[in-house]
1. With +1 assigned to the C-beta of every Lys and Arg and -1 to the C-beta of every Asp and Glu, and no other charges, what is the dipole magnitude of the chain about the Cα centre in debye, to the nearest 20?
2. Using DSSP to call loops (not H, G, I, E or B), can you name the GluC sites (Glu not before Pro) in the stretch 1-105 whose Cβ has at most 14 other Cβ atoms within 10 angstrom?
3. For a footprinting-style exposure proxy, rank Val64, Val46, Val108 by other Cβ within 10 Å, fewest first.
4. Please arrange Arg44, Arg109, Arg50 by counting, for each residue, the other beta carbons lying within 10 Å of its beta carbon, fewest first.
5. Please list, in order, the residues from the stretch 57-78 whose amide nitrogen is less than 16 Å from a point placed 7 Å along the Cα→Cβ vector of Gln15.
6. If each residue of separation counts as 0.36 nm, what is the full-extension length gain between Lys95 and Met114 once their alpha-carbon separation is subtracted?
7. Report the percentage of all Cα-Cα pairs in the chain whose separation exceeds 19 Å, rounded to a whole percent.
Amino acid sequence: MENLQDFILLFRMTQTDNIPSPTELANMEKQWTSYIGTIAANARLVATHRLGYEGGYIENNGEVKSTIYSANNEIISGHMIIKAVDLNEANDIAKKCPILNIGGTVEVRTTIPMNA
């Protein structure tokens, strides 16, 4: 059996007011379902979540901001935790992500387990 590591894929999108048409939304849903299904079928999926547009963040001085965090007009729109042999395999999985087809980006990161 392969020695697999966890990697997190962070999906980023540019903030926009453009709302996809129902046809575009249905097409994106099919692409995501296929992408996630393939990863799961290969026993590589740990978890995945889309992120909502409501929320906030806390600055290091304790001030609560009632908006989601944006850097360079980009927001994190979701994440996925996958299993892969190494960073190269995780990158290969990320290269097939549907968010890339609509101008988004995928950041691939190693994870460090926290012992409680």
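1. In total the dipole reaches around 220 debye.
2. Qualifying residues, ordered by number: Glu2, Glu54, Glu59, Glu63.
3. By the 10 Å Cβ count, ascending: Val64, Val46, Val108.
4. Sorted ascending by nearby Cβ count, the order is Arg50, Arg109, Arg44.
5. Only 57-59, 65-78 fall inside the zone, counting backbone N under 16 Å.
6. Here the segment from Lys95 to Met114 would lengthen by 4.1 nm.
7. Pairs farther apart than 19 Å: 54 percent.
A short reminder: the numbers here are calculations on the coordinates, not readings from a lab. Keep in mind it's a predicted model, so treat the numbers as computed, not measured. Using ideal geometry, Cβ is built from the backbone for each residue, glycine included, and neighbour counts are taken over all protein chains shown.
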